[in-house]
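Let me begin by presenting the structure, written as structure tokens, before commenting on it.
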């Protein structure tokens, strides 16, 4: 019996009568993490991890939200449900559902490398694994975070030495804080766009350690904060908002920066290869560690990755969803509101 | 190779022209002469002969990466570049090479002469010993096409800064038929006498697009106007009893157009013409289609010569009696051209591009409307006092094309792009109505803004009806205005027509699918303009 089915509203568990990350309004939604394509407004009841809850409330407002700790088990109907770290962003989870001894896991978005900020990915044994494959091609391989951060800090230093402000584009939830946590505050002031700072405040409020930042306001310019680095959502790059910083260099951190063509399309001065999604090796390692025989791939290079999994002996299928993964082009909806 | 790889990284890491020029100039100051020469050759499209065919490279790349070939082949179009794809899939490499760029190129040329097993061994060894950027550069040398986001113009500017040789003079020196085997850096860049090489072309002068009516170009009397012919831009050189034909891309096309050999019978040696090569019959140009069959053929079969004979329709005179005429005003050059052509018999493969007479910009606008009927793309406007420049420069030469033809069509298939557009849906198939059926008639890839491509990408993901490999059939819901330059009958297409330069000119949010155009409308256009 299938523990989960795939409907036009989202991934559904008949035994527990709930959805996971649904994209149309439902009665009961279990949410893997707070990104807009997974945590949507309009559901009657939400369930997320305790550490995902503050961001969910911040983004979705007054919702009916129940929380659960990592590894804690909850019975919903005839389904036993538990949440396990996905390593994607702070609070993100894979959701394990067990019905009559059959175990399925919905990964949400995940990455394997411990980024030192969010709860590190833990493999969960299961019979069927529902996986993203945003970067499901062998051309995607990430360098170690320490190396990427060293390159980013060096870039910041060279900008400062040239009398320029470094402006680094990063998503307001997740990537921005990951970068922030590993920038070297000794090099100069760290300024933040309002959309980034709002999320910083929420995460600091729940105890995450982040370096001190200064939110950019009308009075703040390159003169008041020379040698600064600015963390801003990608959509703020190249807008009049940046004028206050005078001469700038722009950087952009994303897994897509691995491709030269995309780097050129983004037209940032520098592209840093850093993603909160698993690379090719990461996807393969994660899938193998689940011990699952059935794999459903939801978003990314699904047809290629499915075929690859089949040659590796898996029963692999594609599931159409409305998840978007990491895109260089998607506008972060939080920015429009700020 | 380190130095060249570092240069490549610097050029690749910036979008700013000044910084690119600075990086190149500094390279041209410091690198050994042989490397400089090869760099100039690579950046001006003179690449070493391909030593390994790409099929083998793909196989070896997949093998070295430990992935099946089909998986490599899936990744390649998404990356959009073979050299890059191989560099990305190879296992981690951190080596570096002390050998210079020119030494590597010599090594690669040596590969062409050895048996395949040794060739493979050498390529795999190179991959194993090089770091990521050097590998990419090495692969680029192997596969030939070297584009580093640097135009010939930027390269020339940087070289000028490094050597002190004036830019226009340098541009001329770098033209023509040379390779690093036949020249040295010294003889090409520093001391070259262009006259020594009879085949050497002049840099082409290029026009800018005029987006509105020419009312603000000043007095109409200051301008020469002619039709813009839809052929292949060419420079015909007659020197020392020989003739040479150069394309705008600095390709020697002499053998492709044997008809032009007879030019030496009609014009004196020491003449250089700029004009448009056109397929020609009964004193009128044939459609571009006819000429297209001759592009890409090194030699031409008799049948094709008879079907699509070419002429050069000349519009500028760059050299007369062996003297460079480029600094003379347009009016003078044109007058001399007219004199030169005055008594040419009709069997000469040469025609003049007629001057258009007009009293006002309005009158010229009316003439422009007749372009399509004459087989022209629109008008050219050239300031009578202007010298013949180098490259694309604003101000003196303008092209004023006719408005494109348009048709409203329904999007029915979508496919993701590659390279720059790897994760966006950018390649679409469009259909028009035939009764109640939607008949596909064209593909289009360009014309939308980045924002619109993002919007349509999100929509495609949610409105896929069916998948055929990378192609998605989508709900017929969106109407786009497709603009194109011409229409031809085509038995190969289901619709029976083929368009020239189709692109999306507007997203018709205002139009329901039912109001898209019909196949009948297309057929009417074919009857009018085909």
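The values are calculated or read from the model by the stated rules, or taken from the named source; none is laboratory data. As the structure is a prediction and not an experimental result, all values here were calculated from the model. Note: ideal-geometry Cβ built from the backbone for every residue, glycine included; neighbour counts use all protein chains shown.
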Filtering region B:442-462 down to residues that are surrounded by 20 or more Cβ atoms within 10 Å (Cβ to Cβ) and out of contact with any helix residue (DSSP H, G or I) (no Cβ under 9 Å at 6 or more places or on another chain), which residue is nearest to the other protein chains (Cβ to nearest Cβ)?
B:457
Take region B:65-80 and flag every residue that is within 7 Å of chain A (Cβ to nearest Cβ) and touching a residue at least 24 places away in the same chain (Cβ under 8 Å).
B:65, B:78, B:79, B:80
Report, by residue number, each residue of region A:287-321 that is within 14 Å of another protein chain (Cβ to nearest Cβ) and within 22 Å of the chain's Cα centre (by Cα).
A:297, A:298, A:299, A:300, A:301, A:302, A:305, A:318, A:319, A:320, A:321
Looking only at region A:4-24, which residues are in a loop (DSSP other than H, G, I, E, B) and over 23 Å from the mean Cα position of the chain (by Cα)?
A:4, A:7, A:8, A:14, A:15, A:16, A:17
Some residue of region A:254-276 being away from chain B (no Cβ under 11 Å) and within 19 Å of residue A:85 (Cα to Cα):
yes
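Which ones in region B:78-132 are in a helix (DSSP H, G or I) and on the phi > 0 side of the Ramachandran plot?
None; the set is empty.
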Within region A:98-115, residues being assigned to a loop (DSSP other than H, G, I, E, B) and touching a residue at least 40 places away in the same chain (Cβ under 8 Å) number 9
Of the conditions (1) in contact with a helix residue (DSSP H, G or I) (Cβ under 9 Å, 6 or more places away or on another chain); (2) more than 11 Å from chain A (Cβ to nearest Cβ); (3) in a loop (DSSP other than H, G, I, E, B), residue B:439 clears all except one; give me its number.
(3)
Among the residues of region B:372-401, what is the count of those that are surrounded by fewer than 18 Cβ atoms within 10 Å (Cβ to Cβ) and touching a helix residue (DSSP H, G or I) at 6+ places or on another chain (Cβ under 6 Å)?
2
When only residues in region B:354-370 that are over 32 Å from the mean Cα position of the chain (by Cα) and over 12 Å from residue B:221 (Cα atoms) count, which is surrounded by the fewest Cβ atoms within 10 Å (Cβ to Cβ)?
B:362
Residue by residue through region B:405-436, note down the ones that are at pLDDT 90 or above and outside any strand (DSSP E or B).
B:435, B:436
Would you confirm, using the coordinates I've provided, whether residue B:112 is within 14 Å of chain A (Cβ to nearest Cβ) and either touching a residue at least 60 places away in the same chain (Cβ under 8 Å) or in contact with a strand residue (DSSP E or B) (Cβ under 8 Å, 6 or more places away or on another chain) (or both)?
no
Residues (more than 13 Å from chain A (Cβ to nearest Cβ) and either touching a helix residue (DSSP H, G or I) at 6+ places or on another chain (Cβ under 7 Å) or not in a helix (DSSP H, G or I) (or both)) located in region B:4-16
B:4, B:5, B:7
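Could you please let me know if residue A:145 is out of contact with any strand residue (DSSP E or B) (no Cβ under 8 Å at 6 or more places or on another chain) and more than 16 Å from residue A:236 (Cβ to Cβ)?
Working: out of contact with any strand residue (DSSP E or B) (no Cβ under 8 Å at 6 or more places or on another chain): yes; more than 16 Å from residue A:236 (Cβ to Cβ): yes.
Yes: the conditions hold for residue A:145.
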For region B:463-508, how many residues are within 14 Å of chain A (Cβ to nearest Cβ) and part of a strand (DSSP E or B)?
9
